[in-house]
1. Considering each of L258, L219, L270, L229 in turn, give the residue that is in contact (Cβ under 8 Å) with a residue 12 or more places away in the chain, farther than 30 Å from I17 by Cα and surrounded by fewer than 23 Cβ atoms within 10 Å (Cβ to Cβ).
2. L397 versus (1) over 24 Å from S223 (Cα atoms); (2) touching a Leu at 6+ places or on another chain (Cβ under 8 Å); (3) buried (at least 18 other Cβ atoms within 10 Å of the Cβ); (4) at pLDDT 90 or above: which is the lone unmet condition?
3. List the pairs whose first member sits in the stretch 397-423 and is farther than 14 Å from A99 by Cα and touching a residue at least 60 places away in the same chain (Cβ under 8 Å), whose second member is of a type outside the set (S, T, N, Q) and surrounded by fewer than 16 Cβ atoms within 10 Å (Cβ to Cβ), and whose Cβ atoms are under 8 Å apart, counting only residues at least 6 apart or on separate chains?
4. Give me a count of the residues in the stretch 424-454 that are touching a residue at least 60 places away in the same chain (Cβ under 8 Å) and either in contact with a strand residue (DSSP E or B) (Cβ under 9 Å, 6 or more places away or on another chain) or not hydrophobic (A, V, I, L, M, F, W, C) (or both).
5. Could you please let me know if A370 is in contact with a helix residue (DSSP H, G or I) (Cβ under 9 Å, 6 or more places away or on another chain), surrounded by 20 or more Cβ atoms within 10 Å (Cβ to Cβ), closer than 21 Å to Q130 by Cα and of a type in the set (G, A, S)?
6. Within the stretch 79-88, is there a residue that is crowded, with 24+ Cβ neighbours inside 10 Å, under 20 Å from A442 (Cβ atoms) and hydrophobic (A, V, I, L, M, F, W, C)?
7. Could you check the stretch 176-188 and list, in sequence order, the residues that are out of contact with any strand residue (DSSP E or B) (no Cβ under 9 Å at 6 or more places or on another chain) and surrounded by 14 or more Cβ atoms within 10 Å (Cβ to Cβ)?
Amino acid sequence: MNLRAAAVRRKPVADLITEGDHGTLKRSLGLGQLTMLSIGATLGSGIFVVLGEAVPVAGPAVVLSFVLAGVTALFSALSYAELAGMIPVSGSSYSYAYATLGELVAWVCGWCLVLEYGVSVASVAVGWGQYLNELLRLTFGFAIPDALSQPPGSGGIVNVPAIVVVLLAMFLLLSGAKESARANAIMVVIKVGTLVLFCAIAFSAVRAANFTPFLPLGLAGLSAGAAKLFFSYIGFDAASTAGEEAKNPQRDLPRAILLSLAIVTVLYCLVAVAAVGALPWQEFDGQEAALSHVLGVVADNPLWAGLLAVGAIVAISSVVLTVLYGQTRILFSMSRDGLVPAALSKVDPKSGTPRINTLVVSGFVAALAAFIPLGKLADATSIGTLFAFGLVNVAVLLLRRRQPEAPRSFRVPFSPVTPILGVLCCGYMMLSLDGATWIVFAGWMALGLLIYFGYSMRRSRLAAE
C-alpha cells in the first residue's frame, strides 16, 4: 500500500453528512440540552481552583484575564460553530480533519482527543473524591481514609470515589442520550446556582480599595493570567460531539457552542469580580480552593462552605458525564471509519447508545483514576486539546477554499483573519507549556502512529473502498 496515498486520503463532506443523516444514533437533543451539554463540560473544577493560581500573577486584572482567555477561545469556537453546522456528525474535530487534511492527520487528531478526554475525565474524577472528603469533614467530621481515596504512589491503594463517579456517569450514559442530557441539565442548574450564591455572598463584602492598583503586575501579568485561565474554557466544543443526536443540528449546534461560551464567560467574570473585590489579591497566593477561602473569610458560617462543596461535587459530576459522553461519540465515529475495532460503533437498539463503547471507555477511565497518579500526565490533556482546536481552524480555511458554495448554517465572521488568529493563539498556548508536557505528548503520538500504521491504515473503510 502506498503510505503517502493512505495518509492523505480524505472522506468527502457529502459522505460524512449522509452517515450522520442515516446513522444509528437517535436524534433527541434540542438547543437547550445541547447548550447544557457544553456548559456541563466546561464549567467544572476549573473555576473552583484556577482562581487561586491566576490571581497572584494578574492581580485584580484577573477579570480582564478571563475576558482575554474567553476571546482566545472564541476564535476556535467560531470555527467549531461553522463546521458543526456544516458537518453535523459525532466525530467533532476528528471528522472535520478527515474531510480536509486526510486520514493520518484525522487519526492524530482523534488520538489527541482520546488523550484529552480520557485523562481529563480521570483527573476530574480524582478531584471529585477530594471535594467529597471535604463535604464529609464539614458535615460529619470524618473523611474516607487515604488508602481508599488515593491511588498507589499518593499514599493510597485504590481511589474508590473516583471509580464511583465514573460508574455513575456510565449508567446514565447507558440509559440513553436524552436521559443523560436531562440529568446533566439538572446538575448544570445546581452548579450555576452555587456560583451565583457565591457571588451574592462575596459581593456583600466587596471593597473598592481591593481593585487598586488594578494592574499591579502590568500587562505581562494580565496575559500570564489569561494563559492559565484559558484551560477553564476547554469543553465548549462538547456539543459538536452530539452532531448525530441533535434534532436540528444545522441550526442548534452553532448556537449551542457560542451560547455556552458566552454564558460561561459572563459567569467567570462575575465570580472573579466578587472574589477579588471581597479579598485583597495578595491573599490568594497558595490557595488551591480559592472560592472556599473567600467564603471562609467573608462569611463566618460553615454552612456556606458546605454548600460550595456540594456545588463542586455536582459540577465535577457533570463534567465526568459530559466528557465521557464526548469520548464515546468520537470513538464511535473512528470505529465506523474502520480505524478502531467495529464493536465500538455497535448501537443498542433499545437505548440508542453505543453500549460496548461506553463500557470499554468507562472501564478504562475508572482504572486510570483508581490506580494511576496522574501528575504531569494530566497537563498533556491541554496540549492535545489545543492541537485539535488548531486543526479545526485550519479545516475552516481549507473548506472555504475547496467548497465555497457549500451550504453553511453559520459562517465565521471576518474569515480568513479569525481562523488564522485561532491557529496562532493555539500555537502560542502550546508553546507556553513546559517540556515535560511535550515529552508526554511526543510519546503518546509515537504510540498512536504505531497503531495507525500497524492496524488502522489497512482496516480503514476508505482503504476497502
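The values are calculated or read from the model by the stated rules, or taken from the named source; none is laboratory data. Quantities reported herein were computed from a predicted structural model and do not represent experimental measurements. Note that each Cβ is placed from the backbone with ideal geometry, even for glycine, and that neighbours are counted across all protein chains shown.
1. L270
2. It fails just one condition, (2).
3. S409/R251
4. Number of matching residues: 4.
5. yes
6. no
7. If the condition is that a residue be out of contact with any strand residue (DSSP E or B) (no Cβ under 9 Å at 6 or more places or on another chain) and surrounded by 14 or more Cβ atoms within 10 Å (Cβ to Cβ), then G176, E179, S180, R182, A183, N184, A185, M187, V188 are the ones that fit.
Here's the yes/no breakdown for (1) among the basic types (K, R); (2) at pLDDT 85 or above; (3) surrounded by fewer than 24 Cβ atoms within 10 Å (Cβ to Cβ):
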residue: K350; (1), (2), (3): yes, yes, yes
residue: R355; (1), (2), (3): yes, yes, yes
residue: T358; (1), (2), (3): no, yes, no
residue: V365; (1), (2), (3): no, yes, no
residue: G375; (1), (2), (3): no, no, yes
residue: S382; (1), (2), (3): no, no, yes
residue: F387; (1), (2), (3): no, yes, yes
residue: Q403; (1), (2), (3): no, yes, yes
residue: F410; (1), (2), (3): no, yes, yes
